[in-house]
Amino acid sequence: MRHVFVTRRIPRAGMEILESEGVSVEVGQEREDAGVPREKLLKETRRSRVLLSLLTEAVDREVLGENPRLQGVANMAVGFDNVDVAAATELGIPVSNTPGVLTDTTADFTWALLLAVARRVTEGDRYARDGRFRLWGPNLLVGGDVSPGGSGRRKVLGIVGFGRIGSAVARRARGFDMDVRVHTRGGRERLGDAQGVRWAEWEELLEESDFISLHLPLTPETRHLVGEPELRRMKETACLVNTARGPVVDEAALVRALREGWIGGAGLDVYEAEPELAPGLAKLDNVVLAPHIASASRDTRDRMATMAATNALHHLRGEPAPNPVNPEVYETEAWHHRRSLAEG
């Protein structure tokens, strides 16, 4: 049986790849603003050979254990913290993701948030739409420069995490004549031969940066990496941008920081209890809020869908996927046993 359960609707480009191979496909989503009920996720996993999931689904041990013939999980995302990869490996289930393709798109959106916060773009939009723009004035919605600007002082961009996206954000900083500081779990060596960046200790980055942009995965070590102590160390004029994972920031502490003026502003695309916002966050003018759309360009989403679908086909065939998260699974007895059940 060649059946794939796609938890939510994905771009047509991905569906066409599956359909062109004669794969039977079931899509779980009924409404664009609704996820897949847990009961349906379990039921469809039981009768599918491959699960094509998104970050909105918790593919935990219970889901993975529902079907001894499940051949793989194709996650349509770079991140995979929604999947219990350790349990999948133990059970002999390959997990794949869609890395690399959204690097530039997410880096671009990081800069969109950064500029919007610094120059108060969303406040200006509301001001104009509300009919309050009656006369230009020199004190109207004054923001901060990203480039040296009127003061001539080079601004400091602190980047936390220096993988594909973090390094792409750093490259774009050159056009704004910024000084770039980087802190990453990999240490100084992680910077390699990157040009125009300098390693900074964590405290130094917090204290010296005019803008801090987060680009690291969610792990037990990075959860609430930025909380009250870190926010209080930042400049009163500094802006925090998060396009990584919501729980990296203590959102309740961030609300206090923005409300009480510990920092100047924030731009968020992800949230701690997504899609819920921390109480009071939406009422603040000094934060720009986006609904997790950093990778939402047509070309990038199409490419993510085709990569996920291609990974799914490899899972179906019992072949190593092009983008495995747990490649070691292919050497396990559990995977070979699962393959024999599927072929039997």
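FYI, it's all coordinate maths here, none of it is from the lab. Model, not experiment: these values are computed from the prediction. Heads up, the Cβs are rebuilt from the backbone with ideal geometry, glycines too, and the neighbour counts pull from every protein chain shown.
What to note about this one:
- Scoring 326-337, 28-39, 258-269 by mean Cβ neighbours within 10 Å over their residues and listing the highest first yields 258-269, 326-337, 28-39.
- When the Gaussian network model of the chain links Cα atoms closer than 10 Å, the mean-square fluctuations of 112, 238, 273 top out at 273.
- Translational diffusion coefficient (Stokes-Einstein; Kirkwood radius from C-alpha pairs) of the stretch 103-289 at 10 °C, 1.306 mPa s, in µm²/s: 95 µm²/s
- Across the chain, the volume of the C-alpha convex hull divided among the residues equals 149 Å³ per residue.
- The Cβ shell under 10 Å around residue 83 holds other residues with a net charge of -4, Lys and Arg each +1, Asp and Glu each -1.
- Distance from the C-alpha centroid of the stretch 6-78 to that of the stretch 160-217: 36 Å, rounded to the whole angstrom.
- Within the stretch 183-229, the ratio Rg/Rh, alpha carbon atoms throughout and Rh by Kirkwood, equals 0.96.
- Between 184, 56, 243, the GNM of the chain built on Cα springs shorter than 10 angstrom shows 56 fluctuating the most.
- For the stretch 1-155, alpha-carbon Rg relative to the globular expectation (2.2 N^0.38 Å, N residues): 1.53
- GNM flexibility winner over the chain from 47, 172, 132 (Cα, springs under 10 Å): 132
- Put a plus charge on the Cβ of each Lys and Arg, a minus charge on the Cβ of each Asp and Glu, and nothing anywhere else: the dipole of the chain about its Cα centre is then about 760 debye.
- Rounded if a/c under 1.5, otherwise prolate or oblate - the stretch 114-218, Cα gyration tensor axes: prolate
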